[in-house]
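**Student:** Please find one structure pasted underneath; my questions will follow.
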Amino acid sequence: MNRINQKIQEDKKILSIYFTAGYPALNDTAKIIQDLEKNGVDLIEIGLPFSDPLADGPTIQRSSTEALKNGMTTEILFDQLKDIRQSVSIPLIIMGYFNPMLQYGVETFCKKCKEIGIDGLIIPDLPVDVYHEEYQAIFEKYGLINVFLITPQTSEERIRFIDSVSKGFIYMVSSASVTGAKSGFGQEQQDYFERIASLSLANQQIVGFGISNSETFQAATKSAKGAIIGSAFIKHLTEHGVDSIANFIKKIR
Amino acid sequence: MTYQADEKGYYGEFGGAFIPEMLYPNTEELRQNYIRIMNEPSFKKEFDQLLKDYVGRPTPLYFANRLSEKYNTKIYLKREDLCHTGAHKVNNTIGQILMAKKLGKTRIIAETGAGQHGVATATVCALMGIQCVVYMGEIDIARQSPNVARMKMLGAEVRPALSGSRTLKDATNEAIRDWINNPVDTHYIIGSVVGPHPYPDMVARFQSVISAEIKTQLQEKEGRENPDYVVACVGGGSNAAGAYYHYLDQPEVGIIAVEAAGKGIDSGESAATSALGKVGIIHGSKTLLMQTPDGQITEPYSISAGLDYPGVGPMHAHLFKSGRGEFISITDDDAMQAGLLLSKLEGIIPAIESSHAFAILEYRKFKPEDVVVINLSGRGDKDLNTYIDYFNL
Ligand SMILES: Cc1ncc(COP(=O)(O)O)c(C=O)c1O
């Protein structure tokens, strides 16, 4: 069974962390992944940096620009990850924009992910319709779970379609926005989380965007299976460096 | 075979909508409504009226006597430079502001490079009394200050794009992010035939007034609707799309697209996307774009800010790939000389973007009896400083 599916079955709330590969330094990737697992993180999203990250706010934009300046490429990332399964057993997802994958070759990319032990992908600018028609067969051939986003604006009909194509979990974007830490969740978000929970979807939901601390993590996971922290973790790396990962995770739960 | 977009916004293999889910409701609302709204009699009436009374259409189709003599062929200029605000861009912004009103939107965002599209957007927002935010790369704000001032006079807020290379592509990213953050009340007026479906098709339809007029005007002057060639410069491709539109499916009309070679195709400082680009995704569209082997989008270069875009609209990628269009790239130097020549021979100072289209006359020979229509997309006022510096005027 795919590690993502195993993890989702565990009777606990999932803490997922996003970081941009190649940031702060080019070769921090393996250390960050290992430290996150050691400190009890359940799932990791490894960001493949892109020059034009449309769905991201300033923090992830900046880390992506830095990572590219540091020399990160698709090939280097795969190389950094080639032995990762010798030390890490939690599910690993690569999150990146579609163009670098297209240039690498979608099938070659998927094949490489399988060899390394990557469990899934999140590609914000590959719409579910295009995936379903053109790429699903390739992803599944290599045992990869593709994760789709929903937002407060997504219609129920479309949510049900996304649910039918999803094989792991649904990435529930907390509000209409790009990535980045916000000041907390209001009633509007709670209503939205509960509305989605009440749809009894086949896939559980993990909330992302705007989770930054213990309080927002608790609020998001009241009705959802888990939550994803990205920008707040990157800010922490910027301010405190890669040796203080434990400090950040301890404060979340 | 047609060269128009299909229902999903594909021109051959190019186009579509490669957008994050957060943008789906926005583009879907537009996709479901744009053709219906454009066909409503009340919409058509208001659009045509504004093009006539406000923009000053139809723009003349002018027989360029001395230029024709020099190059020994029959050259007509489509005078988009005479449009209000000085370029074809306003045809699109008039259409889109009316579209936004029909959709009940109360806030407009736009991206701009040189500032032409920003000015055209700020203008129609002033006209309609709608709030307007224009994103512009921090570097472009510094080098295009008169247009920044124009936008401010027109009541628009100009927000600097501080990310990436801080130019047009980043301003476009910022506008898209703004739209993600404001999905309900805001309409994004994109400035060329780029972006996710339905933008390329919608913008091409608004600009198609250019070739609709050429047909009638050429009929009057030459007794036939079709020229032998239509020539236009291509940045994102909107003036070209408008000039080609009604001729796309008429193979007897030659289509010539002129891109900016910058300092030369092989110089590393160029914007000739058809020559240097590869298939990929930029701003939600599958098209040709300039990128590293690793798929990172690279920064183009041209002396003309309006041609300085790393991609090209999907219609043009298809015209290139299918061979329907003839693509020529022109260096900074050749474009500047062509701008000077047009000024001296015809008394018309063109925008440097448009100068690129004229520069092909030195290289591409036409027969004496050929009728060649060149789309003069804009006037040179905004480029005076560049001309002054270049020629030491
Ligand atoms: C006068 C003029 N021509 C051409 C262009 C290029 O745009 P497009 O290729 O969309 O016509 C611009 C863009 O700013 C412009 O101002």
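Only the coordinates and a few stated rules stand behind these numbers; no lab work does. None of the values given here were measured: they were computed from a predicted structure. Don't worry about glycine lacking a Cβ; one is built from the backbone with ideal geometry, like all the others, and counts go over all protein chains shown.
**Student:** Hey, any idea what the orientation-averaged projected area of the convex hull of the stretch A:108-253's Cα atoms comes to, in nm²?
**Tutor:** Working: hull surface 38.8 nm².
Averaged projected hull area, Cα only: 9.7 nm².
**Student:** Now a separate question. Give the peptides B:329-340, B:249-260, B:277-288 in descending order of average Cβ contacts within 10 Å, highest first. If you can, show how the numbers build up before the last one.
**Tutor:** Working: B:329-340: 21.9, B:249-260: 19.5, B:277-288: 24.7.
Sorting B:329-340, B:249-260, B:277-288 by mean packing, highest first, produces B:277-288, B:329-340, B:249-260.
**Student:** Okay, moving on. Which of the aspartates and glutamates could a cross-linker bridge to B:K278, judged by Cα under 16 Å and excluding same-chain residues fewer than eight apart?
**Tutor:** The qualifying aspartates and glutamates are B:E13, B:E259, B:D266, B:D294, B:E299.
**Student:** Separate question: Tell me what the protein assembly as shown gives for mean residue ellipticity at 222 nm when only DSSP H runs of n ≥ 4 count, each as -39,500 (n - 2.57), the sum divided by the residue total, rounded to 500 deg cm²/dmol. Can you show the working numbers first?
**Tutor:** On the way: 28 runs with 270 residues, N = 646.
My calculation for the protein assembly as shown gives -12000 deg cm²/dmol from helical runs alone.
**Student:** Please compute the modelled spin-label separation between B:I388 and A:L199, points set 7 Å along Cα→Cβ, answer in nm with one decimal.
**Tutor:** 5.9 nm
**Student:** Additional query: Suppose every Lys and Arg Cβ carries +1 and every Asp and Glu Cβ carries -1, with no other charges. What dipole size does the stretch B:309-384 come out with about its Cα centre, to the nearest 20 debye? Please report the intermediate quantities before stating the final value.
**Tutor:** Numbers: 8 positive and 11 negative charges, 55 e Å.
Value, rounded to 20: 260 debye.
**Student:** Considering every Cα-Cα pair within the stretch B:268-309, what fraction, in whole percent, is farther apart than 13 Å?
**Tutor:** That fraction is 50 percent.
**Student:** Taking only C-alpha pairs under 8 Å that are 6+ residues apart, what is the relative contact order of chain B in percent? It would help to have the intermediate numbers written out before the result.
**Tutor:** Details: 852 pairs, mean separation 79.5, N = 393.
Relative contact order comes out at 20 percent.
**Student:** Give me the one-decimal nm value for the distance between modelled label points at B:V184 and A:S164, 7 Å along each residue's Cα-to-Cβ direction.
**Tutor:** 2.9 nm
**Student:** Under a cut-off of 27 Å between alpha-carbon atoms, report the lysines in cross-link reach of B:K365, not counting same-chain residues fewer than 8 places apart.
**Tutor:** Here the lysines satisfying the reach criterion relative to B:K365 are B:K70, B:K74, B:K78, B:K215, B:K221, B:K263, B:K321, B:K344.
**Student:** Also: Hey, got the Cα dimensions of the stretch B:127-215 along the principal axes, in Å, largest first?
**Tutor:** The Cα atoms of the stretch B:127-215 stretch 42, 29, 29 Å along the principal axes, largest first.
**Student:** Enumerate the residues in the stretch A:191-231 having an amide nitrogen under 20 Å from the point lying 7 Å beyond the Cα of A:Q6 toward its Cβ.
**Tutor:** Under cut-off, by backbone N: A:204, A:226.
**Student:** Dividing the alpha-carbon radius of gyration of the stretch A:78-137 by 2.2 N^0.38 Å (N being the number of residues), what value is obtained?
**Tutor:** With N residues counted in the stretch A:78-137, Rg over 2.2 N^0.38 Å equals 1.16.
**Student:** I need the fraction of alpha carbon pairs in chain A separated by more than 31 Å, rounded to a whole percent. List each step's numbers first, then the result.
**Tutor:** Details: 5072 of 31878 pairs.
The share of Cα pairs beyond 31 Å in chain A comes to 16 percent.
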